[in-house]
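The values are calculated or read from the model by the stated rules, or taken from the named source; none is laboratory data. Keep in mind that this is a model prediction, so the values were computed, not measured. As a convention, Cβ positions derive from the backbone with ideal geometry for all residues, glycine included, and neighbour counts pool all protein chains shown. We work out accessible area using only protein heavy atoms, side chains counted, and drop any ligands, DNA or RNA first. Shrake-Rupley method; radii C 1.70, N 1.55, O 1.52, S 1.80 Å.
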Amino acid sequence: QVQLVESGGGLVQPGGSLRLSCAASGTIFSIYVMGWYRQAPGKQRELVAAITNGGSTNYADSVKGRFTISRDIAKNKVNLQMNSLKPEDTAVYYCKADKVLTPLGYGHDYWGQGTQVTVSS
């Protein structure tokens, strides 16, 4: 069974930085894409950033130039470096893995439990 565990959330002042990490565990042969989503109170969950196993990245317009996604393929980990944080970045951040190859074949849409990021003075 594939499990995702996030870490690194917390409280930070506007303009500050945080680094989120997510590790996938289980018998995993490969993961095509890993990404970060966020959900603020009263809003829908939205894509923040994603990265494929080939290194292609995709960012939400609202975080371009401030956030950087990176990946350790060998360790099945994905990181999100968040700089110049704004109050509107406050949300629960979720890690997601898709097209995950295990002994049972390909699985889709695995989610972590979420980690709170609060940007406030």
Legend entry - Complete set of residues in the range 63-96 that are open to solvent by less than 60 Å² (accessible area, probe 1.4 Å), of a type in the set (A, V, I, L, M) and farther than 12 Å from ALA49 by Cα: LEU85, ALA91, VAL92
Inset, instruction - Give the residues of the range 65-80 that are of a type in the set (D, E, K, R) and in contact with a Ser or Thr (Cβ under 8 Å, 6 or more places away or on another chain), sorted by residue number. - result: ARG66, LYS77
Inset, instruction - Tell me, yes or no, whether the range 92-113 has at least one residue that is in contact with a Gly (Cβ under 6 Å, 6 or more places away or on another chain), basic (Lys, Arg), over 21 Å from LEU11 (Cα atoms) and in contact (Cβ under 8 Å) with a residue 60 or more places away in the chain. - result: yes
Inset, instruction - Tally the residues that are open to solvent by 30 Å² or more (accessible area, probe 1.4 Å) and either in contact (Cβ under 8 Å) with a residue 60 or more places away in the chain or not small (Gly, Ala, Ser) (or both), restricting the search to the range 34-62. - result: 13
Inset, instruction - Kindly provide the set of residues from the range 67-93 that are among the small types (Gly, Ala, Ser), closer than 15 Å to VAL119 by Cβ and in a loop (DSSP other than H, G, I, E, B), ordered by number. - result: SER84
Inset, instruction - Sort out which residues of the range 1-20 are open to solvent by less than 50 Å² (accessible area, probe 1.4 Å) and within 19 Å of THR90 (Cβ to Cβ), and write them in order of number. - result: GLU6, GLY8, GLY9, GLY10, VAL12, GLY16, LEU18, LEU20
Inset, instruction - For the range 52-74, state whether one or more residues are aliphatic (A, V, I, L, M) and in contact with a Lys or Arg (Cβ under 6 Å, 6 or more places away or on another chain). - result: no
